[in-house]
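Since the structure comes first, as structure tokens, the remarks are kept for the end.
The values are calculated or read from the model by the stated rules, or taken from the named source; none is laboratory data. The structure displayed is predicted, hence computed values, not measured ones. Here the Cβ positions follow ideal geometry from the backbone for every residue, glycine too, while neighbour counts run over all protein chains shown. Note: accessible area is taken over every heavy atom of the protein model, side chains too, but ligands, DNA and RNA are not part of it. Shrake-Rupley method; radii C 1.70, N 1.55, O 1.52, S 1.80 Å.
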Amino acid sequence: MLSGKFKIVLPVLILAVGFGAYSYLKLTKVEETPVPVKERVWNVAVKTVKRETLAPRISLFGTLMASREVELRSLVAGEIIRVSDKLKEGSILEKGDLLIEIDPFEYDASLAEKKASALEARSRLEELQAVARSERASLVRDKEILALEIRNLERSETLRKKGNISVKSLDDAKNALSRQRQTVEQRAAQLDIQRARIGQQKAVLARLEIGIKRAERDLKNTKLRAPFRGYVDQIEVELGKRVDARDKVARLIDASSLEAQFHLSDRQFGLLQASKEGVIGRPVTVKWVAGDKEHLFDGRIARIGSQISASTGGIQLYAVLQPNGGTNKVRPGAFVDVILSGEKFPNALQLPEHAVYEGKKVYVIVDGRIEERSVEIVYNNGATLLVTGDLKDGEQLITTRFAEIGPGLKVEVR
């Protein structure tokens, strides 16, 4: 009986103890006050929007070269009797400075001989012209006599018709007229021959005068002078050496005109070519670093290479530098930095690459919260971008990049 009662009382007791514990815990629990969720504020860096006309700066590497250089060669043959003190490697020669002088004796003698021959030919020409003048005067007189003979024959024919003269007298008049006509014809032929001789003599004299000019030029060319201001290089002569015409004397590099040679990629060249300014005439800045000092030169693109390089996929350009005090210090072959302005973009803004999302979106701050703007990338050099689009001057554009960025977020400029 006790065992049966225990089986009944135990569950009731357990239920009572559980209910009591529940009631106790409910009465003694701690009431917690809900804590409101605080909105997160993101700290960001910004760039104030100021749209303007921008042209990207393209930085390239190049090499300085002389715009012209020439191999100076002896123009005549002979022994070198004089060498200029300035004819040394690296020296600067001014235009007209003497390099070498070749013994002029043979050229002096040749010139004198040609002048003597020309004098003889000129005297012969004067003699022929005097004879021609005499022949012309004689021809005039012979024609006057011919006219008289013609009138005499006419009178004789009239008198013969009247029977006043004999047949023999008439025949004598005809013979005299015939002889005079022959004399006039011979005189005219002689004059034509004389004119031809005069023409031949003039040709002889002209050839001799050309020879005199050549001899004078050869004599002048015994002194080799610098054709322009430049640096001396590759000297191959010395005092006493015999040189032939066209033997190399030295190389002269123009010191007053330098060019920067540099390489543009296909893309860069295409952008510049398509711009309003084009390529030719575009200004460049060339920087040469010597030690810890920089030398800057202004210039303009003067020429484009003749063909696109198959290996690099680009093209060579040449910019002529404007002479200044620094051009005397630099030499061809120096490595330089070439900076040129690209195409101009109006109402553009320069931004770092990370400030643009998905290639077309940027974010600005309006009343402390983020708003989205649409832009178009007009230039990209890999580090900085030029963009245009839905932007207003004075707006604060976010340049800090974070994954959660989006419209409506609250931000604070740090």
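Laid out as a table, the results:
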read-out	value
Given (1) more than 17 Å from Leu258 (Cβ to Cβ); (2) of a type outside the set (Asp, Glu); (3) open to solvent by 10 Å² or more (accessible area, probe 1.4 Å), number of the condition Gly78 does not satisfy	(3)
From the options Leu125, Leu119, Leu148, residue that is touching a helix residue (DSSP H, G or I) at 6+ places or on another chain (Cβ under 6 Å) and part of a helix (DSSP H, G or I)	Leu125
Leu60 being outside any strand (DSSP E or B), buried (at least 16 other Cβ atoms within 10 Å of the Cβ) and not polar (S, T, N, Q)	no
Flag for Ala132 being more than 30 Å from Thr222 (Cα to Cα), touching an Asp or Glu at 6+ places or on another chain (Cβ under 8 Å) and either surrounded by 12 or more Cβ atoms within 10 Å (Cβ to Cβ) or modelled with pLDDT of 90 or more (or both)	no
Hits in region 49-69 (condition: modelled with pLDDT of 85 or more, charged (D, E, K, R) and under 21 Å from Asn347 (Cβ atoms))	Lys50, Arg51, Glu52
Tally of residues being among the small types (Gly, Ala, Ser), part of a strand (DSSP E or B) and either within 30 Å of Ile301 (Cα to Cα) or touching a His at 6+ places or on another chain (Cβ under 9 Å) (or both) across region 63-113	1
Pick from region 278-292, criterion open to solvent by less than 80 Å² (accessible area, probe 1.4 Å) and not hydrophobic (A, V, I, L, M, F, W, C), ranking: farthest from Ser309 (Cα to Cα)	Gly291
When residues of region 88-129 are limited to those that are farther than 23 Å from Arg217 by Cα and hydrophobic (A, V, I, L, M, F, W, C), the one modelled with the lowest pLDDT	Ile92
Residue list for region 293-307, filter: open to solvent by less than 50 Å² (accessible area, probe 1.4 Å) and farther than 21 Å from Arg68 by Cα	His295
Selection status of Lys223, in contact with an Asp or Glu (Cβ under 6 Å, 6 or more places away or on another chain), within 20 Å of Glu79 (Cα to Cα) and at pLDDT 90 or above	yes
Odd one out for Val167, checked against (1) at pLDDT 90 or above; (2) over 30 Å from Gly90 (Cβ atoms); (3) not acidic (Asp, Glu)	(1)
Answer from Ala55, Ala118 - the residue that is among the small types (Gly, Ala, Ser) and within 30 Å of Glu395 (Cα to Cα)	Ala55
Any chance Arg155 is more than 26 Å from Ala206 (Cβ to Cβ), charged (D, E, K, R) and either in a helix (DSSP H, G or I) or open to solvent by 70 Å² or more (accessible area, probe 1.4 Å) (or both)	yes
Members of region 89-113 that are farther than 13 Å from Leu252 by Cβ, of a type in the set (Gly, Ala, Ser) and surrounded by 14 or more Cβ atoms within 10 Å (Cβ to Cβ)	Ser110
Condition check for Val362: farther than 27 Å from Val279 by Cβ, β-branched (Val, Ile, Thr) and touching a helix residue (DSSP H, G or I) at 6+ places or on another chain (Cβ under 9 Å)	yes
Residues within region 324-364 that are free of Cβ contacts under 8 Å to residues at least 24 places away in the same chain and among the hydroxyl-bearing types (Ser, Thr, Tyr), tallied	0
Members of region 370-414 that are of a type in the set (Ser, Thr, Tyr) and within 42 Å of the chain's Cα centre (by Cα)	Tyr379, Thr384, Thr388
